[in-house]
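The values are calculated or read from the model by the stated rules, or taken from the named source; none is laboratory data. None of these values were measured; they are calculated from a predicted model. Because the Cβ atoms are built from the backbone with ideal geometry, glycine has one as well, and the counts that use them run over all protein chains shown.
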Amino acid sequence: MNNPSVIGHPSSGLNVFKFGGASVRDAEAVRNVAAILKMFAGEKIVVVISAMGKITNALEELHAARFHKEDYKPFIKKIRDFHIAIGNDLFGEESDDMNAVYDLFEELEMKVMEPCSSDFDMEYDQVVSFGELISTAMVQAFLAKNNFSSAWTDARMIIKTDNRYRDARVDWNRSALGAEQVKLLLENKDIVIIQGFIGSTSVGNTTTLGREGSDFTAAAMAHLLDAGSVTIWKDVPGMLNADPKWFSDTVKLDKISFREAIELAYYGASVIHPKTIKPIQNKNIPLHIKSFIHPDEEGSVIQENMDYDHLVPSYIFTDKQVLISITPRDFSFVAEDNLRDIFDVLASLGIRVRLMENSAISLSLVTDKDDYKLEKLFAELHHNYQVKYNENLVLLTVRHYNDETLRKLTAGKEILLEQRSRQTVRMVVKGEFKKVIA
């Protein structure tokens, strides 16, 4: 079964909440999560939680050191010290409330001591997944200590996937069976805590759903459990029309459609994971984006109605991009068989193409900078194709654009590639971006 089935709007009183790394970055943030959950006392909620703060990055460094046979012990210490400091703040030093966390650290240390295979992506998933396991264990310990009606469960027993490591695809039939375990827990508990981002294969190997995949976990759980809604708790007031890092005077999108959200996510809007929308759209489950700083405020809602989509332009800046130009070495035309061969390699390496354009003798692709994958790509293509590339670029996407704003955005920049449709303009831009004044 490749796609979740489509049915009408569910009538379930169950809701799914997702808290990202920023919302559990320290002890005070964990207390804030508990305060938000207290606002919904007595309701049935599945709570999806990411790794704390920037721990996924630290675990990636640990994995890289281990994989390349370098000294990984400083990374273990850094990760352990970070979590223990939070635990000491929440529970006091050497508290028994941290036993589950200590057990996970022992498991992680045993894992990295094992011989490492040559499969970088598979080994990545086995190590980096500990961020979510540890964060959920700590949050559950805090909720239990404060008498919440809550239970912890392992997402790897629920979310079943294929073996496409670092970008696993959900097996919806097998995951539906796993979701029955969550329903059983909810018979006796109001809250079930589960990890975002991770799942497992049919043989029990841990997989991850792609960076920022916790949003997708929340959507998958809502689909599997016929939830009434999904709420993603962020450090912004809702879904904004641009990233405040890049754009001044951002505007909150109070209401947009599933279709518009899919477009924005596909183009790289950081507030939602690209795969998040489809499972909830198929069951017409609204997605709310709210502030964990101001939880009483309305936030944004993504739903079926498309009447509001065109009212506010949206701006998406995707940095650290690479523009690759691929030309047959014999200067023949780029024909369908060339495209097939190139995309077979891209698919086998899990390289996402953000933008493409072809001429008679070349194919241009825009993708994220990933030195490990790009090195493999260039090696695969080397014999039959000449490959050139530019890096450190920005892919700028504007939905519902106007020419005046485009001129302001690109002033003093070199545009290497541009594509336009009636609703969207996309430009690969070279040059330093500072915050844009609207």
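Of note:
- Tally of residues being part of a loop (DSSP other than H, G, I, E, B) and either surrounded by fewer than 20 Cβ atoms within 10 Å (Cβ to Cβ) or among the charged types (D, E, K, R) (or both) across region 295-319: 14
- ASP119 meets all of the listed conditions (1) of a type outside the set (Lys, Arg); (2) within 14 Å of ALA64 (Cα to Cα); (3) within 24 Å of the chain's Cα centre (by Cα); (4) surrounded by 15 or more Cβ atoms within 10 Å (Cβ to Cβ) but one, namely (4).
- Candidates SER257, SER270 - the one that is at pLDDT 90 or above and either among the charged types (D, E, K, R) or on the phi < 0 side of the Ramachandran plot (or both): SER257
- Any hit, region 358-374, residues being free of Cβ contacts under 8 Å to residues at least 24 places away in the same chain and within 25 Å of ASP344 (Cβ to Cβ): yes
- Criterion violated by ASP319 - all others in (1) within 21 Å of the chain's Cα centre (by Cα); (2) assigned by TED's automatic domain parsing to the domain that holds ASN390; (3) within 21 Å of LEU209 (Cα to Cα) satisfied: (3)
- Condition check for VAL182: β-branched (Val, Ile, Thr) and closer than 15 Å to LEU14 by Cα: yes
- Candidates ILE232, ILE285, ILE289, ILE293: the one that is farther than 23 Å from GLY53 by Cβ and among the aliphatic types (A, V, I, L, M) is ILE285.
- Taking (1) touching a Ser or Thr at 6+ places or on another chain (Cβ under 9 Å); (2) in a loop (DSSP other than H, G, I, E, B) in turn, VAL203 satisfies each apart from (1).
- Any hit, region 231-239, residues being in a loop (DSSP other than H, G, I, E, B), out of contact with any strand residue (DSSP E or B) (no Cβ under 8 Å at 6 or more places or on another chain) and farther than 28 Å from GLU60 by Cα: no
- Test: residue in region 257-277 that is in contact (Cβ under 8 Å) with a residue 40 or more places away in the chain, surrounded by 23 or more Cβ atoms within 10 Å (Cβ to Cβ), in a loop (DSSP other than H, G, I, E, B) and more than 20 Å from the chain's Cα centre (by Cα): no
- Considering only residues in region 61-92 that are under 15 Å from PHE130 (Cβ atoms), surrounded by 12 or more Cβ atoms within 10 Å (Cβ to Cβ) and of a type in the set (D, E, K, R), the one that is nearest to the chain's Cα centre (by Cα) turns out to be GLU61.
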